[in-house]
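Values in this text are rule-based calculations from the coordinates and carry no lab data. These numbers were taken from a predicted model, which means no experiment stands behind them. Cβ sites come from the backbone with ideal geometry, for glycine too, and all protein chains shown count toward neighbours.
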Amino acid sequence: MQQVFKGLHVLDFGRFIAAPFCSAIFADLGADVIRIEKREGGEDRWVQSVGPNGAGAGYLSNNRNKRAMTLDTTTPEGQEIARKLIATADIVVANMPDEAMKANGLDYASLKAIKPDIILASATAYGRGGPYSQRVGFDGIGQVMSGAVYRTGPPEQPYRTAVPYVDYTTALCLALGTMAALIHRNATGEGQEVEAALLSSALMMSNALCIEQAILKQNRGRFGNKGVAIGPSDLFPVGDGWVLIQITGQPMFKRWCRLVEREEWSADPRFADDELRARNIDVLNGRMTGWCQGKTIPDVMAALDSARIPGSPVLSPQQAIDDPHVQAMGYLKPLDYPGLPAPAPVIETPFRLSATPPTIRERAPTLGEHTYALLGELGYDASAVAGLRERGVV
């Protein structure tokens with residue numbers, strides 16, 4: 001089966017999530033992706049350790065299908081090896097501060113001097129060109145600066161989400177931009193620099209909140225799990241857990257009224273549209289809470305499915321792994337990794353292609369697993385590689 005990016009060469013100098021998951025998408029689509037990290041390993045390798053060898057949970061997901069080598073790019077010999085690798089590459093992916101990019105010879109001008117048509121895909125925290133551009137930042141920075149955290153949680157305290165959605169959104173944006181740059185290069189022979197920023201990605205996700213505020217000046221606060229512009233909408237307690245139920249649009253609201261035996265509400269002026277229902281959400285949520293009392297999750301889900309109303313139980317991570325739909329769709333692929341007591345359930349590529357499907361073929365590499373093989377491909381023999389190792393270059 002021919003894969004879209006078979007024959008494409010990608011160097012991944014990324015750490016943590018945004019850059020590594022971007023390059024993982026290219027690897028899933030057939031590209032030869034080489035992860036290059038410090039001799040002691042990148043910081044992301046150990047975060048949320050799940051094995052005796054220190055492998056991190058996110059690392060296992062974000063670095064599947066890659067080859068890995070260690071390299072000290074601060075040494076002259078390491079820099080020479082990096083230049084040889086860059087000369088073979090189509091894309092370089094990185095997420096370092098600008099000064100670190102230049103110090104390691106990974107800024108676009110340096111890369112272009114080695115390979116004129118190269119594409120540099122860089123993930124930054126704030127984007128280049130503003131007063132915060134030299135600051136460092138993680139996913140949470142995007143969350144709190146986008147207005148999303150201000151609007152999330154109970155009235156007395158803002159909450160950020162437990163999952164790094166800004167990082168992964170940035171990875172997807174960076175991958176999309178890089179694919180566009182490849183199309184341009186194929187048409188013109190020109191490389192370019194592609195940038196995606198955590199703050200920009202976060203603002204994209206919360207843009208409707210900003211537009212609403214700019215136009216209406218409502219200064220909305222936090223409402224917990226209640227719907228912001230629809231109703232009823234909330235997490236509702238049932239006998240064996242919690243269920244999310246969300247109603248939007250008049251046809252669905254009418255079906256909900258029949259379900260909870262309040263058909264007269266479908267003509268009630270208090271609930272004439274989504275905005276009015278949001279204003280009167282306490283009445284609607286109160287009825288939903290009452291309807292859920294004494295019912296189990298299977299009872300509620302059967303009734304919602306019959307009424308064509310969206311809802312879902314709140315699943316724990318284990319329940320998400322075991323969910324029959326997740327299992328049937330094959331969204332989580334079990335991958336063995338040295339030292340793990342069980343396979344890691346790694347998420348598949350977040351899109352599917354009917355003719356050229358992305359695949360997860362290999363687990364994430366151990367530290368420097370392919371260093372010798374990759375140096376051999378660059379022309380270094382066993383004696384030269386041993387010398388590099390003795391001198392602490394690899």
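Can you tell me how the range 233-315 classifies by the Cα gyration tensor, rounded, prolate or oblate, using a/c under 1.5 as the rounded cut? Working shown, then result.
On the way: a/c = 1.91, a/b = 1.69, b/c = 1.13.
Since a/c reaches 1.5 and a/b is larger than b/c, the shape of the range 233-315 is classed as prolate.
Provide the percentage of antiparallel DSSP beta bridges, counting only those with both residues in the chain; round to the nearest 5.
Values: 15 of 36 bridges.
Antiparallel bridges: around 40 percent, rounded to the nearest 5.
Taking a temperature of 25 °C and a viscosity of 0.890 mPa s, what whole-number D in µm²/s does Stokes-Einstein yield for the range 1-67 with Rh from Kirkwood over alpha carbon pairs?
202 µm²/s
Residue by residue, what Karplus-based ³J(HN,Hα) values in Hz, rounded to whole numbers, does the range 42-56 have, using 6.51, -1.76 and 1.60 with θ = phi - 60° and x for Gly and Pro?
The phi angles translate into x, 4, 5, 4, 10, 6, 6, 4, 10, x, x, 8, x, 4, x Hz.
What percent do you get for the relative contact order of the range 233-315 when only Cα pairs under 8 Å and 6+ apart count? Don't skip to the answer; put the middle values down first.
Details: 106 pairs, mean separation 37.0, N = 83.
Computed over the range 233-315, the figure is 45 percent.
Using C-alpha positions alone, give me the convex hull volume of the chain per residue in cubic angstrom. List each step's numbers first, then the result.
Details: hull volume 72.1 nm³, N = 394.
Measuring per residue, one finds 183 Å³ for the Cα hull of the chain.
Under a 10 Å cutoff between Cα atoms, tell me which one of 293, 246, 318 has the largest fluctuation in the Gaussian network model of the chain.
318
Ranking request for peptides 193-199, 239-245, 175-181: highest mean number of other beta-carbon atoms within 10 Å first, then the rest in descending order. Please list the in-between numbers first.
On the way: 193-199: 22.7, 239-245: 16.4, 175-181: 18.3.
So the peptides 193-199, 239-245, 175-181, ranked by packing, come out 193-199, 175-181, 239-245.
Which value, in debye to the nearest 20, gives the size of the charge dipole of the chain about its Cα centre, when Lys and Arg are +1 and Asp and Glu are -1 at the Cβ? It would help to have the intermediate numbers written out before the result.
Values: 39 positive and 43 negative charges, 98 e Å.
Approximately 460 debye in magnitude.
Could you please report the charge total around residue 250, scoring K, R as +1 and D, E as -1 over all other residues with beta-carbon less than 11 angstrom from its beta-carbon?
Working: positive: 254, 255, 277; negative: 273, 274.
Once positives and negatives cancel, what remains is +1.
At 222 nm, what value in deg cm²/dmol follows for the chain if DSSP H runs of at least 4 each add -39500 (n - 2.57) and the sum is divided by all its residues, to the nearest 500?
Working: 17 runs with 158 residues, N = 394.
Computed mean residue ellipticity for the chain: -11500 deg cm²/dmol.
Is there a quick way to get the dipole size of the range 331-374? I mean about its Cα centre, with the Cβ of Lys and Arg at +1 and of Asp and Glu at -1; what is the value in debye to the nearest 20? Walk me through the numbers before you get to the answer.
Working: 4 positive and 4 negative charges, 30 e Å.
For this selection, approximately 140 debye.
Distance between Cα centroids, the range 116-138 to the range 227-258: provide it in whole Å.
What the calculation gives is 41 Å, centre to centre.
Just to check, using Stokes-Einstein with a Kirkwood Rh over alpha carbon pairs, what's the diffusion coefficient of the range 63-135 at 10 °C and 1.306 mPa s in µm²/s? All intermediate terms of the calculation are to be shown ahead of the outcome.
Values: Rh = 13.3 Å.
Translational D for this selection: 119 µm²/s.
If you average the alpha carbon positions of the range 18-88 and of the range 340-394, how far apart do those two centres end up, in angstrom?
For the range 18-88 versus the range 340-394, the Cα centre distance is 8 Å.
Just want the answer: with Cβ charges of +1 for Lys and Arg and -1 for Asp and Glu, which residue in 315, 145, 259 is farthest toward the dipole's positive end in the chain?
259
Got a sec? Charge dipole of the chain, +1 on Cβ for Lys and Arg, -1 for Asp and Glu; which of 210, 356, 343 is way out at the positive end?
210
Going by average Cβ neighbours within 10 Å, how do the peptides 352-364, 134-146 rank, with the highest at the top?
Numbers: 352-364: 14.5, 134-146: 18.4.
Going from most to least packed, we get 134-146, 352-364.
Tell me the relative contact order for the chain as a rounded percent, counting alpha carbon contacts under 8 Å between residues six or more apart. Can you show the working numbers first?
Details: 699 pairs, mean separation 76.4, N = 394.
Relative contact order here is 19 percent.
Could you tally the net charge around residue 349, taking each other residue with its Cβ under 13 Å from the Cβ of residue 349, Lys/Arg +1 and Asp/Glu -1? Walk me through the numbers on the way to the answer.
On the way: positive: 64, 333, 352, 361; negative: 28, 348.
Charge balance near residue 349 sits at +2.
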